[in-house]
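Colleague: For reference, the structure I am asking about is given below.
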Amino acid sequence: MKNHPVIEKECKRAMKKRVLITTIWSSDAIKIAINKISNIDELIYLVEDNPPKEKIQAIEDLKKSFGDIIQIKELKTSLYDISKIIADSIKKIDCLSAEGNEIIIHISEGRKTLAFGLMFAAYLRKDKIKGIYYVIKERNELLPLPLLSFSINETKKLILKEIMKGNEDKEKIMKNLDLGRSIVYQYINELKSEGFITNETGLKITDLGKVMVI
């Protein structure tokens, strides 16, 4: 997958780094991940506005333990808006990839919305991710998670973009995209069943559908 041209412009190529992007609750699992994965140059943790004291303590602990040897940065995002979590994570992944970095994802304990969002972003940028891991703290082991593939073809993306513009009329979509009736109706039905659009009061794109055209 090519990097987005805006991302290419915003990101400056630097020395290649090994970057660990993680959700966070306590610092224990992240410490294990850093030590097990090894050679991490930069740690980026997802955090919401006004995080609870547990997260603040974990962040301070990580800075105290690794701040002298690893760059530690935050990625501010939403706590419950999964589409925003996905979009923010994708933007960061694209930027890091444009800089030539190796990207590894770590899913820690904590809010499942952040975990789902980060994992889905990794799925959508599968070709830019080295691996996804979860730490089994009881055994002090890394558990590799599958890098699933979530993608849609370019024609479906074009249809989603038309609907995102507010175009609810199938005939107009056919005309604008120069597509046949059967393919438009087929793809719209598939997009509905896949959860990318709804058709309750006209064609509407869902938050998940918006993410698919990023």
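Computed from the coordinates by the stated procedures, all read-outs in this text should not be read as laboratory data. A quick note: this is a predicted structure, and the numbers were derived from the prediction, not measured. Positions of Cβ are backbone-derived with ideal geometry, glycine not excepted, and every protein chain shown enters the neighbour counts.
Colleague: Which of I72, I85, I107 moves the most in a Gaussian network model of the chain with Cα springs under 10 Å?
Modeller: Per the Cα network of the chain with a 10 Å cutoff, I72 tops the list.
Colleague: Let's test the formula: R0 of 22 Å, r as the Cβ-Cβ distance of L208 and K73. What FRET efficiency results, to the nearest 0.05?
Modeller: 0.20
Colleague: Now for a separate question. Can you list the aspartates and glutamates whose alpha carbon sits under 13 Å from that of K76, skipping same-chain ones fewer than 8 residues off?
Modeller: Candidates past the 8-residue exclusion: E48, D49, D88.
Colleague: Turning to a different aspect of this structure: For a bin width of 5 Å, list the pair-distance distribution of the chain built from all Cα-Cα distances, rounded to whole %.
Modeller: The percentages, shortest bin first, are 1, 7, 14, 17, 17, 14, 11, 8, 6, 4, 2, 1, 0.
Colleague: Against the longest principal axis of the chain, how steep is helix 181-193, in degrees 0 to 90 to the nearest 10, with axes from Cα atoms?
Modeller: The angle comes out near 40 degrees.
Colleague: Over region 154-212, what per residue volume does the convex hull of the Cα atoms give, in whole Å³?
Modeller: Expressed per residue, the convex hull around the Cα atoms of region 154-212 is 70 Å³.
Colleague: Also, quick follow-up: What relative contact order, as a whole-number percentage, does region 154-212 give when Cα pairs under 8 Å and 6 or more residues apart are counted?
Modeller: Numbers: 57 pairs, mean separation 21.6, N = 59.
RCO, region 154-212: 37 percent.
Colleague: Something else now. Which trypsin sites (Lys or Arg not before Pro) in region 105-155 sit in a loop by DSSP (not H, G, I, E or B) and have at most 16 other Cβ atoms within 10 Å of their own Cβ?
Modeller: Hits after loop and neighbour filter: K130, K137, R139.
Colleague: Can you give the charge dipole size of region 18-176 about its Cα centre, rounded to the nearest 20 debye, using +1 on the beta carbon of Lys and Arg and -1 on the beta carbon of Asp and Glu?
Modeller: Using Cβ point charges on Lys, Arg, Asp and Glu, region 18-176 gives about 360 debye.
Colleague: Determine the relative contact order of region 95-214: mean sequence separation of Cα pairs under 8 Å and six or more apart, normalised by residue count, in whole percent.
Modeller: Values: 132 pairs, mean separation 21.9, N = 120.
For region 95-214, the relative contact order is 18 percent.
Colleague: Additional query: By per-residue mean of other Cβ atoms within 10 Å, what is the highest-first order of 176-182, 77-83? Each step should come with its number before you reach the end.
Modeller: Details: 176-182: 11.7, 77-83: 16.9.
Ranked by mean Cβ neighbours within 10 Å, highest first: 77-83, 176-182.
Colleague: OK, next. Could you line up K192, K17, K175 from fewest to most neighbouring Cβ atoms inside 10 Å?
Modeller: K175, K192, K17
Colleague: Another question, then. Run the numbers on the chain and let me know its relative contact order in percent, using alpha-carbon pairs under 8 Å that are six or more apart.
Modeller: The normalised contact order for the chain reaches 20 percent.
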